[in-house]
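See structure below.
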Amino acid sequence: MIGNFAYCNPTKLYFGENSLTYLNTELPKYGSNVVLIYGGGSVKKNGIYDAVTEILKATGKNVAEISGVMPNPTLAKLYEGIEIARNHHADLLLAVGGGSVCDYAKAVSVSVNCKEDPWEKYYLRFEEPDCETLPVGCVLTMVGTGSEMNAGSVITNQETKQKIGHVFADEAIMPKFSILNPRFTMTLPHYQMVSGIYDIFNHICEQYFSGEDDNTSDYISEGLMRSLLHSSRIANANPQDYEARSNIMWTATWALNTLVACGKSTDWMVHMLGQAVGGYTNATHGMTLAAVSLPYYRYIMQDGLAKFKRFAINVWDVDPQGKSDRQIAEEGLTAMENWMKELGLVMNITELGATEDMIEGIADVTIVMPGGYKVLERDEIIRILRESL
Ligand code: NZQ
Ligand code: ZN
């Protein structure tokens, strides 16, 4: 039976080549003090910063900046941003960048008026805000996380080597609006593009590989995966293909805007393993997922055999004739492995900087999620991590 759920997604999206124009429509809805948040400088090189600041100026905004938000934003950087937003009496946080910048803006949003330590409250105790939060708007420049239309925010505590994501329950934490121009993603290095593609794919897998019921969400997921496989191959051969890059951007949003989780228990163990590796290595998010995925899926395959068989047939077009369920499921994972190699993804955690002596520590910070086909014990986590080396 499909599970019970509530669904509400209030983020307004503007998609396409002219979408930045709509910043002119959105900005007047908020007070005059805007904090502009961006990363390490890509937006200055590709002209997006100039285009955004021109609109901020034209709409008469009083702008403060938080620059240098790093990939996998840190807690120390969050504390810095909270001060800037407080001193500026911010009315709107405008994130211009990838998932890191959007996630970071949400973390500032829930922290500016928070009386407690945000790390402990939101990332260790997973509590909801009980203070006023600030509205967030996004101009997306990197595709993958879905942060443009969800309430997720991942922060890394460098001191404890913990990388933890909180998906806030309150839809008020979702961006009020997001501007999605596929052209803005064209300057991404190939490494980031394919890392984002795998992040999208894995978001869908994390929701798909759970439950045994007949659920519409799974049919939507299969369609999204097929579209992504198709467009990823085109974009890999020609990154400037606008149609493929547009489809990838749109798929990313649907992959993690809560829709395909409806009625599902959802797994998320690849993300928990990947985030733990990320806490130790600061590696690129999508690559950490790619590096642990196959050892994990091969380990749990038998426990979710019917779904892995369906995945092989419906997503990878494996011909089931004359084969056992196990053979079909294995062929599906082999097809997935071939596609991952074709994209040039990192297939082991060693290449990301993880070493044998880190394994115990990585296992210690791996959060165990109960929604998938198998609830992992510590020794199983260690085994999967070793196989990922
Ligand atoms: O910092 P700059 O100079 O802007 O460079 C960035 C960064 O180095 C660069 N970049 C972004 N747009 C570009 C560009 N370079 C050239 N041209 C452009 N148009 O790309 C690099 C990576 O950016 P980042 O924002 O870190 O990537 P991503 O979007 O993958 O975000 C990763 C973060 O999101 C979290 C991850 O854990 C990680 O911290 N996630 C957030 C989720 C959510 N909100 O629901 C879910 C995800 O599973 C994920 O955990
Ligand atoms: Zn992800």
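The values are calculated or read from the model by the stated rules, or taken from the named source; none is laboratory data. Nothing here was measured: the structure is a model prediction, and the numbers come from that model. Because the Cβ atoms are built from the backbone with ideal geometry, glycine has one as well, and the counts that use them run over all protein chains shown. Side chains are part of the model used for accessible areas, which takes the heavy atoms of the whole protein and leaves out ligands, DNA and RNA. Shrake-Rupley method; radii C 1.70, N 1.55, O 1.52, S 1.80 Å.
Summary of values
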item	result
Relative contact order computed over the range 190-388 (Cα-Cα under 8 Å; 6+ residues apart), in percent	28
Over 19 Å (Cα to Cα) - which of K121/K163; K121/K176; K77/K161 fall in this group	K121/K176
In the range 301-389, the trypsin sites (Lys or Arg not before Pro) that fall in loop regions by DSSP, at most 16 other Cβ within 10 Å	K323, K374
Contact order relative to length of the chain, as percent, for alpha carbon pairs under 8 angstrom and 6 or more apart	16
For the range 30-43, 3J(HN,Hα) per residue [Karplus equation, 6.51 cos²θ - 1.76 cosθ + 1.60, θ = phi - 60°, Hz, x = Gly/Pro]	10, x, 7, 8, 10, 9, 8, 10, 8, x, x, x, 4, 5
Phi-based couplings in Hz for the range 291-306 (Karplus 6.51, -1.76, 1.60; Gly and Pro marked x)	6, 9, 4, 5, x, 5, 5, 5, 5, 9, 3, 4, 6, x, 4, 4
Where the Cα pairs of the range 221-299 fall when distances are cut into 10 Å bins, in %	17, 36, 40, 8
Neighbour net charge for G332 - beta-carbon separation under 14 angstrom, K R +1, D E -1	0
Mean residue ellipticity (222 nm) of the chain, computed from DSSP H runs ≥ 4 via -39,500 (n - 2.57), nearest 500	-14500 deg cm²/dmol
Accessible area per residue in Å² at 1.4 Å probe, computed on the range 148-300	31
Estimated dipole of the range 7-126 in Debye, rounded to 20 [Cβ of Lys and Arg +1, of Asp and Glu -1, Cα centre]	100
Extreme residue, positive dipole direction of the range 12-185, given options Y79, L36, A51 (C-beta unit charges)	A51
Qualifying chymotrypsin sites (Phe, Trp or Tyr not before Pro) for the range 1-94 [loop in DSSP, other Cβ within 10 Å: at most 11]	F5, Y7
Rounded to whole Hz, the Karplus (6.51, -1.76, 1.60) HN-Hα couplings of the range 198-214, x for glycine and proline	5, 4, 4, 4, 6, 4, 5, 4, 4, 8, 5, 7, 7, x, 10, 7, 8
Two-decimal Rg to Rh for the range 286-339 - Kirkwood Rh, Cα set	0.98
Principal axis dimensions, the range 6-127 - Cα atoms, whole angstrom, descending	41, 36, 26
Length-normalised contact order for the range 53-152 - Cα pairs under 8 Å, 6+ apart - percent	31
Accessible-area composition of the chain, carbon plus sulfur, in percent [1.4 Å probe]	51
Estimated FRET transfer efficiency (M186, H230; beta-carbon r; R0 30 Å; 0.05)	0.95
Estimated Rh, the range 190-388: Kirkwood, alpha-carbon pairs, angstrom	17.0
Sparse-neighbourhood loop sites, trypsin sites (Lys or Arg not before Pro) in the range 88-165 - DSSP loop, at most 13 other Cβ within 10 angstrom	K115, R125
Inter-label distance, nm, simple model (7 Å from Cα along the C-beta direction), K323/C131	5.5
Dimensions (Å) - the chain, Cα atoms, principal axes, largest first	68, 42, 41
Potential extension, T53-T21 segment - 0.36 nm per residue separation minus Cα distance	10.3 nm
Interchain or long-range residues, amide H under 5 Å from F15's placed H	L180
Length added when fully stretched, N33-N338, from 0.36 nm per residue minus Cα-Cα	104.8 nm
Separation between Cα centres of the range 346-378 and the range 148-216, rounded to whole Å	19
